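As structure tokens, the structure follows; a few thoughts come after it.
The values are calculated or read from the model by the stated rules, or taken from the named source; none is laboratory data. Computed from a prediction, not measured in an experiment: that's the story for all the values here. Positions of Cβ are generated from backbone atoms using ideal geometry, with glycine treated the same way; all protein chains shown enter the neighbour counts.
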Amino acid sequence: MQRPLAASLLIVLAVTGCSRADPPDTTPPAAPTGLTAVSGSSTTVHVMWRAATDDRAVTGYQVLQDGRPVKDLPATTLMTDVTGLAPGTRHAFAVRARDAAGNTSPATPAATATTLRATAEDREPPTAPRALRAAPDGTTAATLAWTASRDDTRVTAYDVYQAGVRVHTAPGTATTARLTGLRPGTAYSFTLRARDAAENSSPDSPPADLTTAPAPGAPANTSPLALTATSAHGEITLTWTPPDTGAPVTHHELHIDGRFATTVVWGTAPPAGRATYAFPAQVPPGTVLTLTLRARLPDGTWGDFSAPRTVTVR
């Protein structure tokens, strides 16, 4: 019996579809670049690198110490601390990338670091860095500069924080740092801490804000400016300058720890100049919160987020 033409075509298409498969991935990622290793104490070395590339996607990194793997990290992590080292010892560090198929890149050229020698018990932290300044460097980078801290022994490292997360470590002799991997047209707030060989950290410097340049053809940034956050008696008070949108800004959206919290709506005409909003913290004293704001634009869409501010509930 002759099979109908449509049925025959269906069978051919099904067989053809089943026979297709993606070719196996045998191409390894490129080696990461820009590897640095800085000793910040007698037992720790901070290792950083720039992201590797792959024909599909990098899925992780492996950190090598003296040729031996010591850490496996996700693709989103571009720095780590190698701890538990002996004081006054020299080590060589390298990093290699891997993809989902298990292909690994060549290792980076080694970066060496010598841990600091152990000193007598030190409980005194350095002073906070002063005069922190931040300037955008194109669309995806920034340059920080500061006045050096003081310590009863010596400052061995400076840690850069963004929204409470350490994003960079510079040597204790540095007074500048260049940050990469930022997003175009985005507001950032950075703080700085000094650290000594005993791992004592200074108080945070005052924050330094910047907005990276927008991508070519992208609209200008519309984030609220100069956000401050203070806490007293279980209440948090925010002050900020609304963005210049060409019309009064009547709505702001508050996010706490990256999640929507509330919409701030002015019942009458919005205030001229600086705006203020206070609300109960509703979390235990001592809790650290990260706050951001964005404004509703005249076309009804929400604008860019402000630089984040951290506040400790009191």
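Which one is nearest to the chain's Cα centre (by Cα), of the residues in the stretch 82-109 that are under 25 Å from Thr33 (Cβ atoms) and either loosely packed, with under 15 Cβ neighbours inside 10 Å or without any contact (Cβ under 8 Å) to a residue 24 or more places away in the chain (or both)? Spell out the reasoning first.
Restricting attention to the stretch 82-109, the residues satisfying the condition of being under 25 Å from Thr33 (Cβ atoms) are 82-83, 85, 90-109.
Adding the requirement that they be either loosely packed, with under 15 Cβ neighbours inside 10 Å or without any contact (Cβ under 8 Å) to a residue 24 or more places away in the chain (or both) leaves 83, 90, 92, 100-102, 106, 109.
Values: Thr83: 21, Arg90: 29, Ala92: 26, Ala100: 24, Ala101: 27, Gly102: 27, Pro106: 26, Pro109: 25 Å.
Among residues in the stretch 82-109 that are under 25 Å from Thr33 (Cβ atoms) and either loosely packed, with under 15 Cβ neighbours inside 10 Å or without any contact (Cβ under 8 Å) to a residue 24 or more places away in the chain (or both), the one nearest to the chain's Cα centre (by Cα) is Thr83.
Considering only residues that are under 17 Å from Ala75 (Cα atoms) and hydroxyl-bearing (Ser, Thr, Tyr), look in the stretch 28-61 and name the one that is surrounded by the most Cβ atoms within 10 Å (Cβ to Cβ). Let's see the steps before the verdict.
If we filter the stretch 28-61 for residues that are under 17 Å from Ala75 (Cα atoms), which is where we start, we get 28-35, 47-61.
Narrowing the set further to residues that are hydroxyl-bearing (Ser, Thr, Tyr) leaves 33, 53, 59, 61.
Values: Thr33: 13, Thr53: 13, Thr59: 16, Tyr61: 27.
My answer is Tyr61.
Go over the candidates Thr59, Thr27, Thr53 one by one and state the one that is outside the structural domain of Val165 (by TED's automatic domain parsing), part of a strand (DSSP E or B) and at pLDDT 90 or above. Spell out how you get there, then give the answer.
Numbers: Thr27 fails: part of a strand (DSSP E or B); Thr53 fails: part of a strand (DSSP E or B).
Every option except Thr59 fails the conditions.
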Notebook entry, point to check: Restricting attention to the stretch 217-249, and to residues there that are of a type in the set (Val, Ile, Thr) and surrounded by fewer than 18 Cβ atoms within 10 Å (Cβ to Cβ), which single residue is modelled with the lowest pLDDT?
Noted result: Thr245
Note to self: Please determine whether any residue of the stretch 287-303 is in contact with a Lys or Arg (Cβ under 7 Å, 6 or more places away or on another chain), under 16 Å from Asn221 (Cβ atoms), touching a residue at least 24 places away in the same chain (Cβ under 8 Å) and not charged (D, E, K, R).
What the structure shows: yes
Checklist line | Within the stretch 61-81, considering residues that are among the β-branched types (Val, Ile, Thr) and over 12 Å from Arg50 (Cα atoms), the one farthest from the chain's Cα centre (by Cα) | finding: Val70
Note to self: Based on this model, can you work out whether Arg123 counts as in a strand (DSSP E or B) and over 17 Å from the mean Cα position of the chain (by Cα)?
What the structure shows: no
Check: Is there a residue being assigned to a loop (DSSP other than H, G, I, E, B) and surrounded by fewer than 11 Cβ atoms within 10 Å (Cβ to Cβ) anywhere in the stretch 205-216?
Finding: yes
Margin query: Being surrounded by 18 or more Cβ atoms within 10 Å (Cβ to Cβ) and under 30 Å from Arg150 (Cβ atoms) is the filter here; which residues of the stretch 183-199 pass it?
Written below: Tyr188, Ser189, Phe190, Thr191, Leu192, Arg193, Ala194, Arg195, Asp196, Ala197, Ala198
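Output yes when any residue across the stretch 149-156 is in contact (Cβ under 8 Å) with a residue 24 or more places away in the chain, touching a Phe, Trp or Tyr at 6+ places or on another chain (Cβ under 7 Å) and surrounded by 15 or more Cβ atoms within 10 Å (Cβ to Cβ), and no when none is.
Restricting attention to the stretch 149-156, the residues satisfying the condition of being in contact (Cβ under 8 Å) with a residue 24 or more places away in the chain are 149-156.
From what's left, touching a Phe, Trp or Tyr at 6+ places or on another chain (Cβ under 7 Å): none.
No, there is no match, as no residue in the stretch 149-156 is in contact (Cβ under 8 Å) with a residue 24 or more places away in the chain, touching a Phe, Trp or Tyr at 6+ places or on another chain (Cβ under 7 Å) and surrounded by 15 or more Cβ atoms within 10 Å (Cβ to Cβ).
Listed residues Thr263, Thr292; which is surrounded by 18 or more Cβ atoms within 10 Å (Cβ to Cβ), part of a strand (DSSP E or B) and either at pLDDT 95 or above or touching a helix residue (DSSP H, G or I) at 6+ places or on another chain (Cβ under 8 Å) (or both)?
Details: Thr263 fails: surrounded by 18 or more Cβ atoms within 10 Å (Cβ to Cβ).
Sole residue among the options that is surrounded by 18 or more Cβ atoms within 10 Å (Cβ to Cβ), part of a strand (DSSP E or B) and either at pLDDT 95 or above or touching a helix residue (DSSP H, G or I) at 6+ places or on another chain (Cβ under 8 Å) (or both): Thr292.
Does Arg314 satisfy being touching a residue at least 60 places away in the same chain (Cβ under 8 Å) and surrounded by fewer than 18 Cβ atoms within 10 Å (Cβ to Cβ)? Step through it out loud before you land on a result.
Numbers: touching a residue at least 60 places away in the same chain (Cβ under 8 Å): yes; surrounded by fewer than 18 Cβ atoms within 10 Å (Cβ to Cβ): yes.
Spelling it out, Arg314 is indeed touching a residue at least 60 places away in the same chain (Cβ under 8 Å) and surrounded by fewer than 18 Cβ atoms within 10 Å (Cβ to Cβ).
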